[in-house]
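Below: one structure, written as structure tokens.
The values are calculated or read from the model by the stated rules, or taken from the named source; none is laboratory data. All values derive from a computational prediction rather than experimental measurement. FYI the Cβ positions are ideal-geometry reconstructions off the backbone, even for glycines, and counts take in every protein chain you see. Side chains included, ligands, DNA and RNA excluded: accessible areas come from the protein's heavy atoms. Shrake-Rupley method; radii C 1.70, N 1.55, O 1.52, S 1.80 Å.
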Amino acid sequence: MERQIFPFSALVGQEKMKTGLLLNAVDPVIGGILVSGQKGTGKSTAVRALVRVLPQIEVIKDCPYNCAPDDIDNLCTPCAESYREGRHFETVWRPMPLVELPLSATEDRVVGTLHIEQVLKTGIRRFEPGLLASANRGILYVDEVNLLDDHLVDVLLDAAASGVNKVERESISYAHPSRFMLIGTMNPEEGELRPQFLDRFGLSLGVTSVNHPLQRRLIVDRRIEFDTNPQRFIEGYREDETLLSEQISAARSRLQNIEIPGEMVEMAVA
């Protein structure tokens, strides 16, 4: 079932948060973003809405790791074997994946595990990809990231640092690419985030509730309109969403040609 998602361009206020998300969309090398704020500040809504304005990516057809056909150095094992054998890659374009990591997820679900049904039927061990595989070349989103179990935090730290997910279990040794934009949201009233994990986010910012009465009224009106007829509301922002997506694509294409002046470096250092 396709979930109706509130349009990114319909969000009211929270300019810092929207800018941070868009900066990561243009340049994923920034390293993701952590958004901290109280409940009701639009954190989760903004993250889920971001996916709809991101450019599509080209992937090798039927690859569970979303491998890029032109990135030979970061292919998964099956795709790398196909490349060495000289097979032609059939490719498709698809939206950048958004993978939500639930707090209740097991380690096997996150990193992948042995395909039990395959073992029972054939006796052949086969690796079953997890959430880190699905998030490759996309977004890994953790809501209430400060409540994530420590063992899952360690797994994410390893994958985020190396860009590779390594699994050693049940007589299986397997590794696959896992390069993702890490986005976390949290309510600081529910606890702090481990310093090691905080260091993995390229940007970190705090958001507060919108206080201006007119903006608050606009938020309520738009939410009521969306809940009443989601499809009509989304269609009303189709042109704005398309324009924003085109701006992101244009910015990404120009990124390599940008030269940072010395004055900007000095200001950042200061």
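Restricting to the stretch 185-240, and then to whatever is of a type in the set (Ser, Thr, Tyr) and part of a strand (DSSP E or B), can you tell me which residue is farthest from ILE30 (Cα to Cα)?
Ranking the candidates gives THR185 first.
For LEU54, state whether it is in contact (Cβ under 8 Å) with a residue 40 or more places away in the chain and under 22 Å from LEU198 (Cα atoms).
When the stated conditions are applied, LEU54 does not pass them.
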Looking at the stretch 21-54, which of its residues are in a loop (DSSP other than H, G, I, E, B) and either under 17 Å from GLY202 (Cα atoms) or more than 11 Å from the chain's Cα centre (by Cα) (or both)?
-> ASP27, GLY31, GLY32, GLN38, LYS39, GLY40, THR41, GLY42
On the given criteria, is ARG94 under 30 Å from GLU246 (Cα atoms), charged (D, E, K, R) and crowded, with 16+ Cβ neighbours inside 10 Å?
-> no
Those residues of the stretch 1-20 which are outside any loop (DSSP other than H, G, I, E, B), in contact with a helix residue (DSSP H, G or I) (Cβ under 7 Å, 6 or more places away or on another chain) and small (Gly, Ala, Ser) amount to SER9, ALA10
Tell me, which residue of the stretch 208-235 that is within 28 Å of the chain's Cα centre (by Cα) and among the hydroxyl-bearing types (Ser, Thr, Tyr) is most open to solvent (accessible area, probe 1.4 Å)?
-> THR208
What is the number of the single condition among (1) open to solvent by 30 Å² or more (accessible area, probe 1.4 Å); (2) at pLDDT 90 or above; (3) in a loop (DSSP other than H, G, I, E, B) that SER104 does not meet?
-> (2)
